[in-house]
Amino acid sequence: MEPNRIFKTVIVGRGLIGSAAARHLAKMQDGVALVGPTEPMDRAAHPGVFASHYDEGRMVRIVDPDPVWAETAKRSIDRYPEIAAESGQSFFTPSGYLGYGAVEAPSLTRSQENGQRLGAAISTLDTAEIRARYPFFSVPDDTRGLSETGTAGHVSPRGLVRAQAEAARRHGAELIDAEVRRIDGTRTGVTVETADGSLLKADRVLVAAGAFTELCGLSPRRLALRVFGRTVTLVRIDDEVGAALVGMPTVGHAGTGAYILPPIAYPDGHRYLKIGIGTTDDPEPDTAEALKDWFKSEGSQRDKVRFKAFLEDLIPVLAEARDWHTDSCAVTWTATGYPYIDFVDGDRIALAVGGNGKGAKSSDDWGWIAAHMVAKRDFDHPVTLDKLRLPQGL
């Protein structure tokens, strides 16, 4: 079968990193295609792949215990006005951020140091100051807080992907609503086959298919990714409880790694507060079908009970809320703790994959790096490609 569409670069995966890469690459060259399916209307009946950005809330902030993640988050957040202007769409809410934990928590210390180095608007809070600023929180004695304002808050991952893709389209990229089934390197380039049998030919392909990258056989090299099925719990916030939570920031707990999003509007017209806590006890789907089944599930009911207790302990007013439910998503971990942004088949097939549980806040910068790499453009960045390459021996 002859290829029926010809491009310079095809990006496989219309998620947070793939759509960002498409926007940046379309500003550098013609002939860019961004390929991936749209969100299914009926999740239970959907036979294809899924994406974790099918949601309305992801925490963003500069402060992070790892300087690489802090740096890339700052660069991404700094470009939010640019993305909004290029797409005509909004996606960011500057609600602020509060990290809290034991006074001696080392992750808070490192986060503070990285935030100060990058000029984030941060301040430290003792127990009394946390209680005074956020009277709806019930924190233990000897709790330390790290607050970030201005550049911290939450994005709609759906909205950010839409904005990136629309900006890419306005810069000349073609958006193709299709699932990719096969990628083959050829003597003269790369061929991409979609689920409907269409063939796309390109000089280069960038694969940014998240958790499905390795499970769907889209990489010619073994990546040894660890894909965890994660459960989130959402509680519907009605007017009376919502009134008590005015001014709530996004929240991270240093002890458990729990992340909490303040009440956010969802497509059903209600507002929900969300919590997630990831552990290595979470399931590890090892086939594409198993991962699809996880996305179609409601996640872990054990986690629902555990997360509900955590939230009601931290935010006692939530005991008055009656509507609680769970949802499922997935995270993709690499061996390095950073995304793999590297060529895996000569200079024809490249990867940008592995959010490591916090990819949303840095996704625009990971896409920026991937676009420059694929376009063979020299670039100046505090994070070198050496940090993002696949480890030897995989």
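Laid out as a table, the results:
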item	result
Any hit, region 356-368, residues being on the phi < 0 side of the Ramachandran plot, in contact with a strand residue (DSSP E or B) (Cβ under 9 Å, 6 or more places away or on another chain) and without any contact (Cβ under 8 Å) to a residue 60 or more places away in the chain	no
Residues of region 189-225 satisfying the condition of being more than 23 Å from the chain's Cα centre (by Cα), within 28 Å of TYR338 (Cβ to Cβ) and not aliphatic (A, V, I, L, M)	ASP203, ARG204, PRO220, ARG221
Members of region 369-394 that are touching a residue at least 12 places away in the same chain (Cβ under 8 Å) and in a helix (DSSP H, G or I)	ILE369, ALA370, ALA371, HIS372, MET373, VAL374, LEU385, LYS387, LEU388
Residue in region 76-89 that is modelled with pLDDT of 95 or more and touching a Leu at 6+ places or on another chain (Cβ under 6 Å) present	no
Within region 238-259, considering residues that are among the aliphatic types (A, V, I, L, M) and over 17 Å from ILE130 (Cβ atoms), the one surrounded by the most Cβ atoms within 10 Å (Cβ to Cβ)	VAL241
Residues of region 172-188 that turn out to be part of a loop (DSSP other than H, G, I, E, B) and either more than 24 Å from the chain's Cα centre (by Cα) or among the β-branched types (Val, Ile, Thr) (or both), as a count	4
Residue in region 136-186 that is surrounded by the fewest Cβ atoms within 10 Å (Cβ to Cβ), counting only those that are among the polar types (S, T, N, Q) and farther than 14 Å from GLY18 by Cα	THR186
Lone unmet requirement of (1) assigned to a loop (DSSP other than H, G, I, E, B); (2) surrounded by fewer than 20 Cβ atoms within 10 Å (Cβ to Cβ); (3) among the hydroxyl-bearing types (Ser, Thr, Tyr) for THR191	(1)
Selection from region 263-278 of residues that are at pLDDT 95 or above, of a type in the set (A, V, I, L, M) and surrounded by 16 or more Cβ atoms within 10 Å (Cβ to Cβ)	ILE264, LEU273, ILE275
Unique residue being farther than 24 Å from TYR266 by Cα, outside the structural domain of LYS296 (by TED's automatic domain parsing), touching a residue at least 40 places away in the same chain (Cβ under 8 Å) and among the small types (Gly, Ala, Ser) when the list is ALA165, ALA195	ALA195
Unmet requirement for ALA321, which otherwise passes all of (1) closer than 24 Å to PHE50 by Cβ; (2) touching a strand residue (DSSP E or B) at 6+ places or on another chain (Cβ under 6 Å); (3) not aromatic (Phe, Trp, Tyr)	(1)
Residues that are closer than 20 Å to TYR259 by Cβ and touching a strand residue (DSSP E or B) at 6+ places or on another chain (Cβ under 7 Å), drawn from region 329-355	CYS329, ALA330, VAL331, THR332, TRP333, THR334, PRO339, GLY354, GLY355
Hey, ARG204 of a type in the set (D, E, K, R) and either modelled with pLDDT under 95 or under 21 Å from SER19 (Cβ atoms) (or both) or not	yes
Selected residue (criterion: nearest to the chain's Cα centre (by Cα)) from residues of region 66-88 that are more than 14 Å from ASP364 (Cβ to Cβ) and part of a loop (DSSP other than H, G, I, E, B)	ASP66
Region 83-99 residues that are farther than 19 Å from ALA152 by Cα and outside the structural domain of ALA258 (by TED's automatic domain parsing), paired with ones that are modelled with pLDDT of 95 or more and among the acidic types (Asp, Glu) (beta carbon under 9 Å, 6 or more apart)	GLU86/GLU166; SER87/GLU166; GLY88/GLU166
Odd one out for VAL317 among (1) of a type outside the set (Asp, Glu); (2) more than 23 Å from ALA211 (Cα to Cα); (3) more than 21 Å from the chain's Cα centre (by Cα); (4) in the same structural domain as GLY189 (by TED's automatic domain parsing)	(4)
Residues being at pLDDT 95 or above, surrounded by fewer than 19 Cβ atoms within 10 Å (Cβ to Cβ) and assigned to a helix (DSSP H, G or I) - total across region 294-303	1
ARG221 among the basic types (Lys, Arg) and in contact with a helix residue (DSSP H, G or I) (Cβ under 8 Å, 6 or more places away or on another chain)	no
Residue under evaluation LEU291, criteria (1) closer than 25 Å to HIS154 by Cβ; (2) buried (at least 18 other Cβ atoms within 10 Å of the Cβ); (3) not assigned by TED's automatic domain parsing to the domain that holds ARG43, criterion not met	(1)
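The values are calculated or read from the model by the stated rules, or taken from the named source; none is laboratory data. Small disclaimer: the values here were computed from a predicted structure and weren't measured. Note that we place each Cβ from the backbone using ideal geometry, even for glycine, and neighbour counts take in every protein chain shown.
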